[in-house]
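Visitor: Dumping the structure here so I can ask a few things about it.
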Amino acid sequence: MLPLLSRKRFSDLTEEEILALAISSEEDDARIYRSYAQRLGTEFPDTAAVFLGMADEEDTHRARLIELFRQRFGETIPLIRREHVAGFYARRPVWLTENLGLERIREEAAIMERDAGAFYHAAAQRSQDAGTRKLLGWLAAAEDAHARKAETLTGKVSSEAAEQEEAVAKRQFVLTWVQPGLAGLMDGSVSTLAPIFAAAFATGDTWSTFLVGLAASVGAGISMGFTEAASDDGALSGRGAPWKRGLASGVMTTLGGLGHALPYLIPDFWTATTIAVIVVFFELWAIAWIQKTYMETPFFRAALQVVVGGALVLAAGILIGSG
């Protein structure tokens, strides 16, 4: 992934770049659908056949986009991919989809097509050329039809609009509040461990340690909040308003650091340190639980990553402060 400042906003792309991005995206999606078909071919041949058909359609879309690009801009298609555009929807790498079950793969496909449809709708509105606008509008309709096909595959499509709205609202809640908040909580809880405990064991003074923890937590919260708000305007990714995501990230970062800084308001050093360590333990397990509940990360894998990582940072802080 390119650094934030190296990526270009969708609103700043030229029509040439938009078409090049569409071409590379169609190629990537076709490859993903073929990998799904290969993964499901033995046990679920009917679903695999649908994914192969969708991959063929993506190839058709790419061919039409290439032909339009040649007519307007010539033979050289610039290299521009999803990861080059700030806020553009991302695809899971193949190693994260290898172990997905049938229903999860179907849901992933539905999300892929909804994202692609949103991109083509936005791209068509940006285009000033009648032919380009017409093709992009047709592609938007085609991707919308793909999304409905993928949703039908899940067997979960209900005739009741309330259920559909609930699913959309849940996904929006996760994208807007849970993901940024979780990133902030992880950063605040883990990154402040070293300076707080280093200050504690270096000075032995609880009030000075609290001030270090307060400064580290507030500073990290401000930094994370602005970084999240600036990373994506939400226009294409559907992740919601930047200020909401920035608020969630900033507040949770600050709270993550303050959790183990507040015990140092207690004058007795060892009492404060013991309580702070206990708070750290609960913070790290809370992060693992949130990852399992909302991000569908296996609990033990999340716990291993977070708890072991946090323990190493904690140990580093204590060793540095003791030295």
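Visitor: What are the residues in region 213-231 that are crowded, with 21+ Cβ neighbours inside 10 Å and over 16 Å from residue 181 (Cα atoms), if any?
Guide: Listed by number, the residues that qualify are 213, 216.
Visitor: Then there is this: State yes or no: is residue 255 more than 28 Å from residue 91 (Cα to Cα) and buried (at least 16 other Cβ atoms within 10 Å of the Cβ)?
Guide: Considered against the rule, which asks whether it is more than 28 Å from residue 91 (Cα to Cα) and buried (at least 16 other Cβ atoms within 10 Å of the Cβ), residue 255 comes out as yes.
Visitor: How many residues does region 8-52 contain that are under 25 Å from residue 64 (Cβ atoms), small (Gly, Ala, Ser) and not in a helix (DSSP H, G or I)?
Guide: Of the residues in that region, 0 qualify.
Visitor: While we're on this one: With respect to residue 69, determine if the residue is surrounded by 13 or more Cβ atoms within 10 Å (Cβ to Cβ), modelled with pLDDT of 80 or more and either of a type in the set (Phe, Trp, Tyr) or under 12 Å from residue 19 (Cβ atoms) (or both). Write out each step before concluding.
Guide: Working: surrounded by 13 or more Cβ atoms within 10 Å (Cβ to Cβ): yes; modelled with pLDDT of 80 or more: yes; either of a type in the set (Phe, Trp, Tyr) or under 12 Å from residue 19 (Cβ atoms) (or both): yes.
Criteria met by residue 69.
Visitor: What do you reckon, is residue 229 outside the structural domain of residue 123 (by TED's automatic domain parsing), in a helix (DSSP H, G or I) and within 30 Å of residue 12 (Cβ to Cβ)? Before you say what the answer is, go through the steps one by one.
Guide: Working: outside the structural domain of residue 123 (by TED's automatic domain parsing): yes; in a helix (DSSP H, G or I): yes; within 30 Å of residue 12 (Cβ to Cβ): yes.
The answer is yes for residue 229.
Visitor: Is it fair to say residue 234 is surrounded by fewer than 21 Cβ atoms within 10 Å (Cβ to Cβ) and on the phi > 0 side of the Ramachandran plot?
Guide: On the way: surrounded by fewer than 21 Cβ atoms within 10 Å (Cβ to Cβ): yes; on the phi > 0 side of the Ramachandran plot: yes.
Yes: the conditions hold for residue 234.
Visitor: In region 276-317, what residues are within 18 Å of residue 264 (Cα to Cα) and either surrounded by 18 or more Cβ atoms within 10 Å (Cβ to Cβ) or not assigned by TED's automatic domain parsing to the domain that holds residue 265 (or both)?
Guide: 276, 280, 283, 314, 317
Visitor: Still on this structure, I have one more. Limited to region 232-267, what total is found for residues that are closer than 30 Å to residue 117 by Cα, among the hydrophobic types (A, V, I, L, M, F, W, C) and part of a loop (DSSP other than H, G, I, E, B)? First the steps, then the outcome.
Guide: Applying the first criterion (closer than 30 Å to residue 117 by Cα) to region 232-267 yields 232-249.
Now drop any that are not among the hydrophobic types (A, V, I, L, M, F, W, C), which leaves 235-236, 241, 243, 247-248.
Applying the additional criterion that residues be part of a loop (DSSP other than H, G, I, E, B) yields 235-236, 241.
Here the count works out to 3.
Visitor: Kindly indicate which of 49, 30 is over 27 Å from residue 129 (Cα atoms) and at pLDDT 85 or above.
Guide: On the way: 30 fails: over 27 Å from residue 129 (Cα atoms).
Checking each option against the conditions leaves just 49.
Visitor: Consider residue 184 carefully, then state whether it is in a helix (DSSP H, G or I), modelled with pLDDT under 90 and assigned by TED's automatic domain parsing to the domain that holds residue 240. Spell out how you get there, then give the answer.
Guide: Working: in a helix (DSSP H, G or I): yes; modelled with pLDDT under 90: yes; assigned by TED's automatic domain parsing to the domain that holds residue 240: yes.
Criteria met by residue 184.
The values are calculated or read from the model by the stated rules, or taken from the named source; none is laboratory data. As the structure is a prediction and not an experimental result, all values here were calculated from the model. Note that we place each Cβ from the backbone using ideal geometry, even for glycine, and neighbour counts take in every protein chain shown.
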